[in-house]
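Take a look at the structure below.
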Amino acid sequence: MARPTNDFLAGVIEGFYGQPWTHAERLELLEWMERWKLNTYFYAPKDNLKHRALWRETYVVAEAESLRELIKACGQRHVRFIYALSPGLDIRYAQLEEMAHLQKRFQQLLDLGCENFSLLFDDIPDRIDADDLTQFGSLASAQCHVANTTFRWLREKCPDARFLFCPTPYCGRMAKNKLGGENYLAIVGRELLPEIDVFWTGPEIISREISVEHIRELQTLLRRKPVIWDNLHANDYDARRFFCGPYAGRPTELRAEVNGLLINPNCEFVLNYVPLRTFAQFLHEDGFFDARKSYLAAMEEWLPQFATVGAPIALDDLIFFGDCYYLPYADGPEAGAFYERAKNLLATNPLEWGERAADFLQRSGRLKEFCQSVAQLKQRKLFYALSRRVWELREELDLLERYVVMKMENKNQIVPCQSDFHLPETYRGGFVSRLELLLVQQFDGTFVPQETFPTTSPR
Ligand code: GDL
C-alpha cells in the first residue's frame with residue numbers, strides 16, 4: 001500500500017457549525033499536524049459570517065492580518081492552507097456580479113498568501129431560481145459553471161492552485177434521495193473540470209464505515225477519485241456528546257482510492273487530540289491498523305494534559321471515561337460492558353446478583369471520581385470543554401447507584417425510588433426535553449408518538 005504522497009490531502013477541516021477555533025488553537029493544531037505529518041488545513045468554519053452568510057464581504061484589516069499569520073504559520077509547518085467559501089445560501093448563479101464577488105473574495109486571500117481554494121455547496125436549499133434554471137438547466141450545471149469559471153481565473157494567477165468542490169448531495173443517502181436534482185453527480189462528473197477535487201462524506205453524513213466498494217462506485221460517477229470529508233468525530237449535531245475514540249471503520253486500502261482524507265472533528269479543539277492522533281496513524285500505517293491499539297497509545301500521550309491541582313488521574317480511569325465518549329455508533333469496550341452490567345442489574349432479581357452489584361458500584365464510583373477530578377484540571381480549557389458532560393454523567397451515575405441500592409435493600413420489592421438531587425423540572429427538565437419525549441424512535445429508525453410506542457407491560 002502506497003503511503004500518501006504530498007499531493008494526497010491529509011489533514012483537518014475546520015468545517016463544523018458553532019464557535020470557530022481561536023487563532024491560538026489553530027496554531028497548536030499546526031504544531032500537532034507537523035509532528036504527525038498531516039499536510040492540509042482546510043478553513044471552512046460554517047458560522048464565521050464571511051465564510052457563508054456574508055460570503056460577499058471582504059475582511060477588515062484585523063481579520064485579514066490574522067489570516068495572513070495563519071497562512072504563514074501553515075507554510076512554516078509544511079501544511080497546505082486551503083480557503084473555502086460557501087456561497088450557496090443565496091448565490092444567483094447566472095449573474096456576473098456574483099462571479100466578481102467570488103473573485104474579489106479570493107483575490108483578498110491570494111494577497112494574503114493563500115494558494116488553494118474551495119467552493120462548498122453543502123447544506124443549502126435544494127432549489128434553483130427560474131433564471132438560473134433557464135440558463136443552466138440544473139443546479140449541478142450552475143454550480144459547475146461557477147466552480148469552473150473561478151478555477152480558470154485562479155489558475156491564471158496561481159498555476160498550481162488546488163481547488164475543491166463540495167456538491168449539494170455529498171453522501172450516499174443524499175444521492176439516493178436525489179438531493180440537488182436528477183443525475184446531479186453524473187452532471188458534476190461530466191461538467192466539472194477534471195482538475196477540481198470533489199468532497200464526499202461516505203454513505204452517510206456521519207459514516208460508520210466507508211468501504212472501498214462504495215468509493216469505487218462513486219469514482220465512476222464522478223470520473224475522479226473523491227476527497228473524503230470525514231465527519232466521524234464531528235459533534236456539532238449533538239451538544240451532549242463528544243468523540244474521543246479512534247479513527248475507525250475505514251480500511252487502509254481506502255487511501256489508494258481517494259485523493260485525500262480530511263477530518264472535520266469536535267467543535268471543542270482540546271478534545272481532538274486522540275481523534276487526530278489516531279487518524280494520522282491510520283494514514284501512515286504500513287501494515288494493519290489496529291484502531292483500539294492506536295487509541296490506547298494516543299490516550300497515554302494525552303494523559304499529561306490531565307494534570308490536576310490535586311491527585312493525579314490514572315491512565316485506566318481516563319480510558320474508561322474516554323470509552324464513554326468514543327464514537328457516534330459505538331461505545332468503547334469498557335463503557336459498553338458497564339452499560340450492559342447496569343442494564344442487567346435493573347432487569348434482574350437482587351437474589352441472582354452475586355458480586356455484580358458490588359462490581360457495578362465500584363466501577364461507577366471510579367467514573368464519578370474521575371468526573372470530580374476533572375474540575376481540578378490545570379488546563380482550564382479542557383475542563384470547560386468537559387464540564388457539562390461530566391456533570392451530566394455524574395448525575396446519571398448517581399441516580400443508577402441509588403436505584404440499584406434501593407433494589408438491593410428492598411430485595412426486589414418495588415418501592416418508589418426518589419432522589420432529592422433529581423427533582424422534576426430541574427432534572428432532565430425543560431422544553432426540549434419534553435419535546436424529545438413526544439416521539440420515540442424505534443429500533444428500525446422510524447418514529448412513533450409516545451402513546452403508540454409498544455411497551456413491554458400493558459397500559
Ligand atoms: C455536515 C456539514 C458539516 C457539519 C457536519 C456534521 C459536510 C460536508 N457539511 O453535513 O459542516 O459539521 O455535517 O454535523 O459534512
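Considering every residue within region 156-173, establish whether at least one is of a type in the set (A, V, I, L, M), at pLDDT 95 or above and out of contact with any Phe, Trp or Tyr (no Cβ under 7 Å at 6 or more places or on another chain).
no
Name the pairs whose Cβ atoms lie under 7 Å apart, with the first residue in region 298-315 and under 11 Å from Lys378 (Cβ atoms), the second part of a loop (DSSP other than H, G, I, E, B) and at pLDDT 95 or above, and 6 or more positions between them or separate chains?
The qualifying pairs are Gln305/Gln379; Phe306/Ile313; Ala307/Lys378; Thr308/Gln376; Thr308/Lys378; Val309/Gln376; Val309/Lys378; Gly310/Gln376.
Taking Pro167 and the conditions (1) within 20 Å of Gly11 (Cβ to Cβ); (2) within 23 Å of the chain's Cα centre (by Cα), which numbered condition does it fall short on, given that it satisfies the others?
Of (1) within 20 Å of Gly11 (Cβ to Cβ); (2) within 23 Å of the chain's Cα centre (by Cα), only one is false for Pro167: (1).
Here is a list of conditions, (1) within 28 Å of the chain's Cα centre (by Cα); (2) in contact (Cβ under 8 Å) with a residue 12 or more places away in the chain, and His422 meets all of them except one; can you say which number that is?
Only one criterion is unmet by His422, namely (1).
Name the single residue, out of those in region 110-138 being within 16 Å of the ligand (Cβ to nearest atom) and aliphatic (A, V, I, L, M), that is surrounded by the most Cβ atoms within 10 Å (Cβ to Cβ).
Leu120
For region 177-207, enumerate the residues that are outside any loop (DSSP other than H, G, I, E, B) and either more than 24 Å from Ile263 (Cβ to Cβ) or within 13 Å of the ligand (Cβ to nearest atom) (or both).
Answer for region 177-207, where residues must be outside any loop (DSSP other than H, G, I, E, B) and either more than 24 Å from Ile263 (Cβ to Cβ) or within 13 Å of the ligand (Cβ to nearest atom) (or both): Tyr184, Ala186, Ile187, Gly189, Arg190, Glu191, Val198, Phe199, Trp200.
If I ask for residues that are surrounded by fewer than 16 Cβ atoms within 10 Å (Cβ to Cβ) and within 16 Å of the ligand (Cβ to nearest atom), which ones from region 30-53 would you list?
Result: Asp47, Leu49, Ala53.
Anything in region 139-173 that is assigned to a loop (DSSP other than H, G, I, E, B), away from the ligand (no atom under 16 Å from the Cβ) and out of contact with any helix residue (DSSP H, G or I) (no Cβ under 8 Å at 6 or more places or on another chain)? List them, or say none.
Across region 139-173, the qualifying residues are Pro159, Asp160, Arg162.
Can you name the number of the only condition in (1) surrounded by 15 or more Cβ atoms within 10 Å (Cβ to Cβ); (2) within 16 Å of the ligand (Cβ to nearest atom); (3) among the polar types (S, T, N, Q) that Gln19 fails?
Here Gln19 meets the rest and fails (1).
Could you please let me know if Tyr273 is within 16 Å of the ligand (Cβ to nearest atom), surrounded by fewer than 22 Cβ atoms within 10 Å (Cβ to Cβ) and either at pLDDT below 95 or of a type in the set (Ser, Thr, Tyr) (or both)?
no
Rundown of residues vs (1) in contact with a His (Cβ under 9 Å, 6 or more places away or on another chain); (2) at pLDDT below 95; (3) within 16 Å of the ligand (Cβ to nearest atom), yes/no style:
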| residue | (1), (2), (3) |
| --- | --- |
| Pro226 | no, no, yes |
| Asn235 | no, no, yes |
| Asp238 | no, no, yes |
| Phe243 | yes, no, yes |
| Asn266 | yes, no, yes |
| Ser294 | no, no, no |
| Leu303 | no, no, no |
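Give me the strands (runs of 3 or more DSSP E) completely within region 1-88, filtered to those with at least 2 residues that are farther than 24 Å from Leu382 by Cα, ordered by residue number.
9-14, 80-85
Do you know which residues across region 208-233 are in a helix (DSSP H, G or I) and of a type outside the set (D, E, K, R)?
Val212, His214, Ile215, Leu218, Gln219, Thr220, Leu221, Leu222
The values are calculated or read from the model by the stated rules, or taken from the named source; none is laboratory data. Just so it is clear, the model here is predicted, and its values are computed rather than measured. Note that we place each Cβ from the backbone using ideal geometry, even for glycine, and neighbour counts take in every protein chain shown.
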